[in-house]
Amino acid sequence: MSNYTYIYNDTELLHSPGKTIYIKNEEVDGDVDFWYYNAFINNKSNHNVFIETGTHIGTGISTAFAAGFKKAYSIEINSEYYNISKEKWNHKSNVQLYLGDTKTELPKIMEVINEPVLFWLDAHIDDSSATYNELKIIKNHHIKTHTLLIDDINLYFNKNELIDNILKINPDYIIGYESTWRGNQEILTAKLKN
């Protein structure tokens with residue numbers, strides 16, 4: 001395992017406590033996380049591309065495909081989790097996995113992005129600094145109409161500071177929230193009106 005560890009002392013907190021939904025489509029045949037599925041469906045709009053920071057074991061990718069995304073990019077800093085995801089997704093040409101820090105890997109992905117995408121920012125290992133760096137990278141991209149979903153906002157973030165950084169990308173973003181098993185307003189959403 002890499003030198004990076006998740007802050008949770010209880011590894012059960014890395015998984016939602018059993019609330020899943022069964023999905024069968026071209027990419028997925030099985031249970032996916034209920035809460036994240038709802039967040040992805042509610043914010044998918046016409047996006048076909050899903051970009052995730054913090055792959056963990058690949059459940060975000062499964063959930064994105066369950067929600068109807070056609071292509072997924074995902075970055076994981078922990079080599080053990082990256083290898084688990086690679087084993088799961090290596091056979092899929094529409095999944096691109098990156099091992100490393102989002103500071104270096106996200107710019108590589110952004111070079112090939114030529115359409116609005118949905119970002120699932122979930123790479124905050126022990127604080128919010130990775131997410132703020134990711135927002136700077138997104139801000140420097142030529143497309144300003146991406147949809148942003150940021151997980152764990154009550155664990156890591158000052159909401160006002162986070163929103164200020166998001167509005168620097170696009171002042172027309174509408175800020176909203178989605179619930180998870182931990183409670184209401186656990187996922188911050190930033191998107192334009194449909």
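The values are calculated or read from the model by the stated rules, or taken from the named source; none is laboratory data. The shown structure was predicted, so the numbers you read here are calculated from the model rather than taken from an experiment. In this analysis, Cβ positions are derived from the backbone assuming ideal geometry, glycine residues included, and neighbour counts consider all displayed protein chains. Accessible surface areas use protein heavy atoms only, side chains included; no ligands, DNA or RNA. Shrake-Rupley method; radii C 1.70, N 1.55, O 1.52, S 1.80 Å.
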Among the residues of segment 48-65, which ones are in contact with a helix residue (DSSP H, G or I) (Cβ under 6 Å, 6 or more places away or on another chain) and open to solvent by 10 Å² or more (accessible area, probe 1.4 Å)? His56, Ile57
Could you list, ordered by first residue, the pairs with Cβ atoms under 6 Å in which the first is in segment 120-135 and closer than 17 Å to Tyr73 by Cβ and in contact (Cβ under 8 Å) with a residue 24 or more places away in the chain and the second is open to solvent by 20 Å² or more (accessible area, probe 1.4 Å) and of a type in the set (Lys, Arg), at least 6 apart or interchain? Asn133/Lys103
List every residue pair whose Cβ atoms lie under 6 Å apart, where the two residues are 6 or more positions apart in sequence or sit on different chains, the first residue falls within segment 167-182 and is among the small types (Gly, Ala, Ser), and the second residue, located anywhere, is surrounded by 18 or more Cβ atoms within 10 Å (Cβ to Cβ). Gly176/Thr189
Matching residues, segment 77-122, being of a type in the set (S, T, N, Q), more than 21 Å from Phe40 (Cβ to Cβ) and crowded, with 18+ Cβ neighbours inside 10 Å: Asn78
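Every residue, every condition in (1) under 20 Å from Thr63 (Cα atoms); (2) touching a helix residue (DSSP H, G or I) at 6+ places or on another chain (Cβ under 9 Å); (3) charged (D, E, K, R); (4) at pLDDT 95 or above, yes or no:
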position: Lys136; (1), (2), (3), (4): no, yes, yes, yes
position: Lys144; (1), (2), (3), (4): no, yes, yes, yes
position: Leu148; (1), (2), (3), (4): yes, yes, no, yes
position: Asp151; (1), (2), (3), (4): yes, yes, yes, no
position: Pro171; (1), (2), (3), (4): no, no, no, yes
position: Ile174; (1), (2), (3), (4): no, no, no, yes
position: Ser179; (1), (2), (3), (4): yes, yes, no, no
position: Ala190; (1), (2), (3), (4): yes, yes, no, yes
For the structure I just gave you, tell me whether Ser79 is farther than 25 Å from Gly30 by Cα and in contact with a Leu (Cβ under 9 Å, 6 or more places away or on another chain). yes
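Which of the residues that make up segment 132-146 are open to solvent by 10 Å² or more (accessible area, probe 1.4 Å) and of a type in the set (A, V, I, L, M, F, W, C)?
Ile137, Ile143
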